[in-house]
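> My structure is below; once you've seen it, I'll send some questions.
The values are calculated or read from the model by the stated rules, or taken from the named source; none is laboratory data. Predicted model, so just to flag it, every value in this text is computed and none were measured. As a convention, Cβ positions derive from the backbone with ideal geometry for all residues, glycine included, and neighbour counts pool all protein chains shown.
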Amino acid sequence: MITIDLPDEAATAALAARLATLVRPGDVIALKGELGAGKTSLARAFIRARAGHEEEVPSPTFTLVQIYELPDLTIWHFDGFRLRGPEEAWELGIEDALQDGVSLIEWPERFGGLIPKRRLELTFEQGPTAEARRALIDAGPGWADRLASLAAET
């Protein structure tokens, strides 16, 4: 597990930009943490970094999923907060996302066993100040080699 201290939102955006360079089609990044922990901030920064410009990135809290068709891959941004159970995730198209897209999944515990073990899991915790966060990064199969450079930077 890698622990990264994020003193402010700019540090969260920098982490997201770094992760955006490491993803491949079929990857899943599970974002965990309390309300306001930084999950959506990381997802927005990730999508903007991967798009290469200031893409409008609304929160999928009410729509449950936002899809971003980029030239080289599709990013699916799921928010499971309002899901009543894993069966609703099928209706959102998670099966398609897991096939060939990159999935950013907030509240992954609401998706039950649908999320593969080959995921990258980021858990956000409150840091020492109101703006600071700590990211705990747990690499599933297929991620360890890609995260080696990230671990060296921390």
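> I need every pair where a residue in region 112-129 that is under 13 Å from A11 (Cβ atoms) has its Cβ under 6 Å from the Cβ of a residue that is of a type outside the set (D, E, K, R) and surrounded by 15 or more Cβ atoms within 10 Å (Cβ to Cβ), sequence separation at least 6 or different chains.
Here the result reads F124/G33; F124/A37; F124/G38; F124/A135, each pair linking region 112-129 to a residue that is of a type outside the set (D, E, K, R) and surrounded by 15 or more Cβ atoms within 10 Å (Cβ to Cβ).
> Let me ask something else about it. In region 11-30, is there at least one residue being among the aliphatic types (A, V, I, L, M), touching a Ser or Thr at 6+ places or on another chain (Cβ under 6 Å) and not in a loop (DSSP other than H, G, I, E, B)? Before the answer, list the steps.
Narrowing region 11-30 to residues among the aliphatic types (A, V, I, L, M): 11, 13-17, 19-20, 22-23, 28-30.
Checking which are touching a Ser or Thr at 6+ places or on another chain (Cβ under 6 Å) leaves us with 28.
Still in the list and also not in a loop (DSSP other than H, G, I, E, B): 28.
The answer is yes; a qualifying residue exists.
> Follow-up question, since we're still on this one. Hey, could you check region 101-154 for residues that are part of a helix (DSSP H, G or I) and touching a Pro at 6+ places or on another chain (Cβ under 9 Å) and say which is surrounded by the fewest Cβ atoms within 10 Å (Cβ to Cβ)?
To start, the set of residues in region 101-154 that are part of a helix (DSSP H, G or I) comprises 108-114, 144-153.
Those still in the list that are touching a Pro at 6+ places or on another chain (Cβ under 9 Å) too: 110-114.
Details: R110: 20, F111: 22, G112: 13, G113: 7, L114: 17.
Checked region 101-154; the qualifying residue surrounded by the fewest Cβ atoms within 10 Å (Cβ to Cβ) is G113.
> Now a separate question. Any idea which residue in region 57-100 is modelled with the highest pLDDT, counting only those that are surrounded by 15 or more Cβ atoms within 10 Å (Cβ to Cβ) and assigned to a helix (DSSP H, G or I)?
E88
> Tell me the residue from G38, G52, G33, G26 that is buried (at least 19 other Cβ atoms within 10 Å of the Cβ) and modelled with pLDDT under 90, please.
Working: G52 fails: buried (at least 19 other Cβ atoms within 10 Å of the Cβ); G33 fails: modelled with pLDDT under 90; G26 fails: buried (at least 19 other Cβ atoms within 10 Å of the Cβ).
Step by step, each of G38, G52, G33, G26 is checked, and only G38 is buried (at least 19 other Cβ atoms within 10 Å of the Cβ) and modelled with pLDDT under 90.
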